[in-house]
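Read the structure below first, then the notes.
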Amino acid sequence: MCDASYARGYLDRLADMLANLDAEAITRAVAWLAEAGREGRTIFSCGNGGSALIASQMVVDMVKQASIGRPTRFKMIGLTDSVGTMLAYGNDVGFETIFVEPLKNFAAAGDVLIAISGSGNSPNVLKAVEYANRIGCRTIGLTTAQGGRLKDLAQLPLVVPADHMGHLEDCFFVMTHLLCYAFIDKAD
């Protein structure tokens with residue numbers, strides 16, 4: 001049961017985490033996305049569960065809000081958005097391939113992959129990051145600072161000092177909104 005002390009505690013812990021996010025790393029990620037946009041590169045996003053939904057929401061914000069009526073339009077693909085493709089790879093090849101195999105179809109050096117994993121150990125996310133790194137993409141990883149391989153594998157880790165999935169996802173949403181709204185709120 002939720003009472004006022006539970007709600008206040010949750011909000012206070014979240015406020016502390018938000019205050020400790022790395023603004024310089026987020027700014028660097030914005031610069032990478034700006035460069036990708038200017039150069040006509042593709043931005044990809046992936047994640048599982050709630051992270052998949054956050055990855056998909058970011059696509060909406062970049063493809064519509066950050067692009068409409070602007071001279072620089074973003075090309076972004078949510079690897080989480082083709083359910084049929086994901087299920088075909090998951091069923092026929094293996095769940096760990098659902099993001100890396102579509103990347104093999106579309107990604108090129110200079111593109112950007114934004115990988116989201118609360119645990120930092122999702123095999124399908126890690127395989128996608130490994131492949132993207134290998135072919136010369138830039139990789140951004142939104143994950144926990146508490147462990148997991150993603151924070152070390154991503155070229156630019158955006159880490160949250162928590163292991164509570166709710167707090168992680170709250171912070172992931174804020175960070176993806178920062179990445180998008182840096183362009184939406186900017187006057188051209």
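Here, each number is a calculation from the coordinates, and none is a lab measurement. For clarity, every value in this text was computed on a predicted model and none was experimentally measured. Here the Cβ is made from the backbone with ideal geometry for all residues, glycine too, and neighbour counts use every protein chain on show.
For LEU113, the residues whose modelled amide H falls within less than 5 Å of its own, excluding neighbours fewer than 5 places apart on the same chain, are PHE44, ARG138, THR139, ILE140.
Calculated mean residue ellipticity, 222 nm, the chain: -16000 deg cm²/dmol, from DSSP H runs (n ≥ 4) at -39500 (n - 2.57) each, averaged per residue and rounded to 500.
Approximating the spin labels as points 7 Å out from Cα along Cα→Cβ, the LEU53-to-ILE184 distance works out to 1.7 nm. The distance between label points at PHE106 and ILE68 comes to 2.1 nm (points 7 Å beyond Cα on the Cα→Cβ vector).
Rounded to the nearest Hz, the phi-derived 3J(HN,Hα) couplings of the range 178-183 under the Karplus curve 6.51 cos²θ - 1.76 cosθ + 1.60 (θ = phi - 60°) are 4, 4, 7, 6, 4, 9, where x marks glycine and proline.
Compute the Kirkwood hydrodynamic radius of the chain, taking the inverse of the mean of 1/r over all pairs of distinct Cα atoms, and give it in Å to one decimal.
Working: mean 1/r = 0.0598 Å⁻¹.
By the Kirkwood definition, the hydrodynamic radius is 16.7 Å.
A protection proxy built from the mean count of other Cβ atoms within 10 Å ranks the segments 74-82, 163-171, most packed first, as 74-82, 163-171.
What residue among ALA108, ALA154, ALA145 shows peak mean-square fluctuation when the chain is described by a Gaussian network model with Cα springs under 10 Å? Looking only at ALA108, ALA154, ALA145, the largest GNM fluctuation is found for ALA108. Ranked by the mean number of other Cβ atoms within 10 Å of their residues, highest first, the peptides 109-118, 96-105 come out as 109-118, 96-105.
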